[in-house]
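Asks: One structure, as structure tokens, below. Some questions next.
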Amino acid sequence: MKKFIPLLAVAVLTASLTGIPVHAETLDKDYIINEIWTESWYGISDDGTTFPEASYKYHLLSDWVNSNYGDNAYNWSNIGELTYSYKDYYKKYTADFAFHDDANGNWTIDTSEHSYHFEFADNHWSMIDENGDISDTFPPHSTLESEDEPEQAEIQNNNSQAENIVVKPLNGTAETQAEAEQTTTENDSEGSNTLIYVTIGIVVIAVAMIIFYLFKNRK
């Protein structure tokens, strides 16, 4: 009976390894926000106190991470999966949004129910509807490459913002978003494959131990 105890222990270990996912340590919130922002922002350098677009989109991302951080519905150790999850959320959240920009900082949003414009005061942006009601407020977020050259960045913004902005129909999605999501999915697969390889490697070792033990006891 004793000779079966090691065999049983190895078998239990193998079964456990095949059923328990291997996760790394939970990522820091600031790191998550920064990484997702890098993959999600398709605009150009904006002065956060002059143009509202980057500030609003950064606000949506920060709010999503802070509201959901630690929720078991997401894998907080895999930045690829988190990026894909946020982009899926953003796509659904803005499905009814039509973004407009006149290349002079007058960035607005139209939905089936409201029209929003943005005003900056007291170091905060206010999202205001057609009735003058404030629906949201958030701090500025600057995407200038160099804070020492605001005038140069503003000139660049005025010259090329119209070429970079994605105008999305009310019930449609931007083509550039779909392309980015495809790239993120590929990165997710690479991260998942690493975990799979680690698990398979441990299982193979456990099975080899079982075969060796059985062969040894047959002699």
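The values are calculated or read from the model by the stated rules, or taken from the named source; none is laboratory data. Here the structure is a predicted model, which is why all the values come from computation and not from measurement. Don't worry about glycine lacking a Cβ; one is built from the backbone with ideal geometry, like all the others, and counts go over all protein chains shown. Accessible surface is based on the protein model in full, side chains and every heavy atom, while ligands, DNA and RNA are left aside. Shrake-Rupley method; radii C 1.70, N 1.55, O 1.52, S 1.80 Å.
Asks: Summing Lys, Arg as +1 and Asp, Glu as -1, what charge do residues with Cβ under 11 Å from the Cβ of Ser115 carry, Ser115 excluded? Before the final figure, lay out each step's value.
Replies: Numbers: positive: none; negative: Asp110, Glu113, Asp129, Glu130.
After counting each charged neighbour, the total is -4.
Asks: Then there's this: What accessible area per residue, rounded to a whole number of Å², is obtained for region 33-89 using a probe radius of 1.4 Å? Numbers along the way, then the final one.
Replies: Numbers: 2250 Å² over 57 residues.
Solvent-accessible surface per residue comes out at 39 Å².
Asks: Sorted by packing (mean other beta-carbon atoms within 10 Å per residue), highest first, where do 70-81, 126-137, 43-54 land? Show your work: numbers first, answer last.
Replies: Values: 70-81: 14.7, 126-137: 12.8, 43-54: 20.8.
The peptides rank, most packed first, as 43-54, 70-81, 126-137.
Asks: Also, quick follow-up: Computed FRET efficiency, Cβ-Cβ of Trp41 and Asp88, R0 25 Å: what is it to the nearest 0.05? Intermediate results must be reported in sequence, preceding the final value.
Replies: Numbers: r = 17 Å, r/R0 = 0.67.
After rounding, the FRET efficiency stands at 0.90.
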